[in-house]
1. Could you list, in sequence order, all residues of region 287-297 that are modelled with pLDDT of 90 or more and part of a loop (DSSP other than H, G, I, E, B)?
2. Just for region 350-382: of the residues that are outside any helix (DSSP H, G or I) and of a type in the set (S, T, N, Q), which one is modelled with the lowest pLDDT?
3. For the structure I just gave you, tell me whether Ala159 is in contact with an Asp or Glu (Cβ under 9 Å, 6 or more places away or on another chain), surrounded by 19 or more Cβ atoms within 10 Å (Cβ to Cβ) and under 25 Å from Phe199 (Cα atoms).
4. List the strands (runs of 3 or more DSSP E) inside region 443-498, counting only whole elements, that have at least 3 residues being aliphatic (A, V, I, L, M).
5. What strands (runs of 3 or more DSSP E) completely inside region 1-111 contain at least 1 residues that are in contact with a Phe, Trp or Tyr (Cβ under 7 Å, 6 or more places away or on another chain), among the β-branched types (Val, Ile, Thr) and modelled with pLDDT of 90 or more?
6. (1) more than 30 Å from His343 (Cβ to Cβ); (2) among the β-branched types (Val, Ile, Thr); (3) buried (at least 24 other Cβ atoms within 10 Å of the Cβ): which one isn't true of Ile228, the others all being true?
7. Which members of region 480-492 meet the condition of being under 19 Å from Leu148 (Cβ atoms) and open to solvent by 10 Å² or more (accessible area, probe 1.4 Å)?
8. What is the number of the single condition among (1) open to solvent by 10 Å² or more (accessible area, probe 1.4 Å); (2) within 25 Å of the chain's Cα centre (by Cα) that Gln179 does not meet?
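The values are calculated or read from the model by the stated rules, or taken from the named source; none is laboratory data. If you're wondering where the values come from, they're calculated on a predicted model, not measured in any experiment. Don't worry about glycine lacking a Cβ; one is built from the backbone with ideal geometry, like all the others, and counts go over all protein chains shown. Please note that ligands, DNA and RNA were not included when accessible areas were found on the heavy atoms of the full protein model with its side chains. Shrake-Rupley method; radii C 1.70, N 1.55, O 1.52, S 1.80 Å.
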Amino acid sequence: MPTSKQPTSSYMPPISDEWELPRLRSSFQLHEDAVRDEDLAEFFDIKFYPYNPPGAPPVFAATSKKHVVVIRMVPTTDKDQNPCKVIQMIRDADSGANNYTCCWSKDPDTEDPWLCVAGKDAKIKVYDIRRGKLVKTLVGHGGDISDLATSPACPTTIASASDDTTIKLWSLAKEHDKQPCICILGGEGHQYNLLTVAFHNNGRYVLSAGHDQIINLWALPEFPKEHINVPIVLHYPHFSSSEVHNNLVDCVAFYGDLILSRACHEDTIVLWRIEGFSSSDPIPGPLDAPTPTDMAKQTRSYFNPIPSKARPAMFTRLAQFHTPDCGVQFYMRFRMFHAEGRHPILAFANAKSKTMFWDFSRFGAYRDFMEELEEARKSGSGQVVQKPSWLLIKRAKKGTAAPAHQDAAASLRAAAGDKESMVSASPDPEGAGSAMATLGNYNQDTLNHWKEMYDLSNPAGLIRPHKVQGVDGSFVGRQVGWSPGGEWCVVVGNKNRALIYQRGAREKGVATPVT
């Protein structure tokens with residue numbers, strides 16, 4: 001972690017192959033001999049510290065009932081070396097404590113790392129992680145706090161989502177010590193317990209969702225820099241819909257100006273957009289928010305209040321990512337890694353010991369590749385089209401697909417010019433039966449296999465994961481965390497277990513280590 005006054009940096013650690021998806025590196029578990037029996041539960045949340053200086057090893061916190069474990073990731077390519085080093089463990093001594101969520105902040109004076117933790121007792125406890133000491137406690141919610149989020153635009157502003165149906169915005173700045181709750185998002189926004197809250201990257205929009213199936217988008221006002229006696233109250237969101245999902249919504253997130261969300265029992269993560277919404281437009285004010293009497297209650301929107309031919313709907317589904325085997329479980333969170341210059345990668349773990357990944361850069365690359373194949377077929381020129389190494393061949397004779405997690409050596413061979421990565425666009429190439437050849441020398445099974453994973457042309461279709469990694473034992477994933485540079489992905493879940501995935505570093509003797 002940084003020393004005092006360290007600036008935030010956009011430094012990105014090197015990753016040897018951006019097309020590579022994370023590999024399971026190791027796992028750890030909070031064992032009975034480390035905690036009291038009554039404290040045993042499961043990890044519900046994991047958050048990486050986002051303010052490290054350039055080149056510093058990533059640090060994350062995992063929250064489990066009465067414990068917070070803070071881990072530093074150790075750069076290593078030695079497969080026998082555990083990359084996780086415990087640097088702090090904090091136990092919540094309150095008898096009613098049962099924590100579900102956490103988020104990072106900073107001391108406004110020293111910039112030392114603070115961690116905010118909350119859960120069943122409706123309190124937000126702020127810890128100085130260097131010293132392992134409780135700094136302050138924020139009270140005001142009337143029910144369990146299910147989620148916390150830090151504003152990307154201001155590390156001392158955090159949001160909390162509660163069973164009391166409100167989202168509260170808190171300031172950890174000194175000028176707000178006497179009244180840290182600076183804004184309440186409530187009123188007609190939600191009817192039942194909340195489960196999830198997320199900031200837009202500009203810090204001026206917030207998403208909320210929960211048991212009532214409603215997803216709300218709130219435009220935040222400018223907050224005062226001085227003490228206020230009474231929090232600002234927003235009674236109505238600027239977008240509200242109960243039509244995106246048919247069950248309780250336990251995870252929402254922005255992907256640029258698009259939205260990702262999932263609901264219990266649906267086994268999908270939905271990518272969608274609010275028609276007319278653009279974060280580059282002026283921020284609407286509180287009085288601009290539509291009320292339930294303004295339009296149909298199921299969906300109402302400030303951004304596209306009267307659908308037209310140009311925009312026939314208030315929101316549009318763009319894609320659905322298939323997440324099978326979640327069962328009746330809820331409070332299961334996905335996480336999207338999204339940083340400038342890096343591939344956006346979506347990760348999620350189900351209730352059957354499997355972690356799934358989707359590389360969003362592959363969608364565009366697949367579309368371009370298929371268009372080149374089609375152009376070559378139409379021209380009849382016999383042009384050779386380079387196949388991306390991650391597009392795997394489904395062997396017609398055996399009728400089975402190569403695994404979605406093609407091993408690293410095969411990927412490197414393909415990238416270096418393996419015969420499988422170079423194909424002819426001729427309609428009847430040598431060695432491929434004409435009955436099976438549709439584009440290039442790819443049989444229909446292969447083309448269907450690719451379409452299920454990479455074709456976004458049908459918003460109602462289910463996009464299969466680009467990689468699925470299983471683990472031994474019964475594991476229910478609760479939350480995913482990405483390091484700021486995307487080189488580490490950590491999945492936490494039941495039995496106080498954490499799975500550690502790594503990108504870019506090969507085992508000793510195979511490739512250059514991460515620096």
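1. If we filter region 287-297 for residues that are modelled with pLDDT of 90 or more, which is where we start, we get 287-290.
Selection gives Ala289, Pro290.
2. As a first pass, look at region 350-382 and keep what is outside any helix (DSSP H, G or I): 350-360, 380-382.
Applying the additional criterion that residues be of a type in the set (S, T, N, Q) yields 350, 353, 355, 381.
Values: Asn350: 97, Ser353: 96, Thr355: 98, Ser381: 76.
By that ranking, first place goes to Ser381.
3. On the way: in contact with an Asp or Glu (Cβ under 9 Å, 6 or more places away or on another chain): yes; surrounded by 19 or more Cβ atoms within 10 Å (Cβ to Cβ): yes; under 25 Å from Phe199 (Cα atoms): yes.
Judged against the criteria, Ala159 is a match.
4. Details: elements: 467-470, 477-482, 488-493.
In region 443-498, the matching strands (runs of 3 or more DSSP E) lie at 488-493.
5. Working: elements: 23-29, 45-48, 59-64, 67-73, 84-91, 99-106.
Per the criteria, 45-48, 59-64, 67-73, 84-91, 99-106.
6. Unmet condition: (3).
7. Trp482, Pro484
8. If we test Gln179 against (1) open to solvent by 10 Å² or more (accessible area, probe 1.4 Å); (2) within 25 Å of the chain's Cα centre (by Cα), just (2) comes out false.
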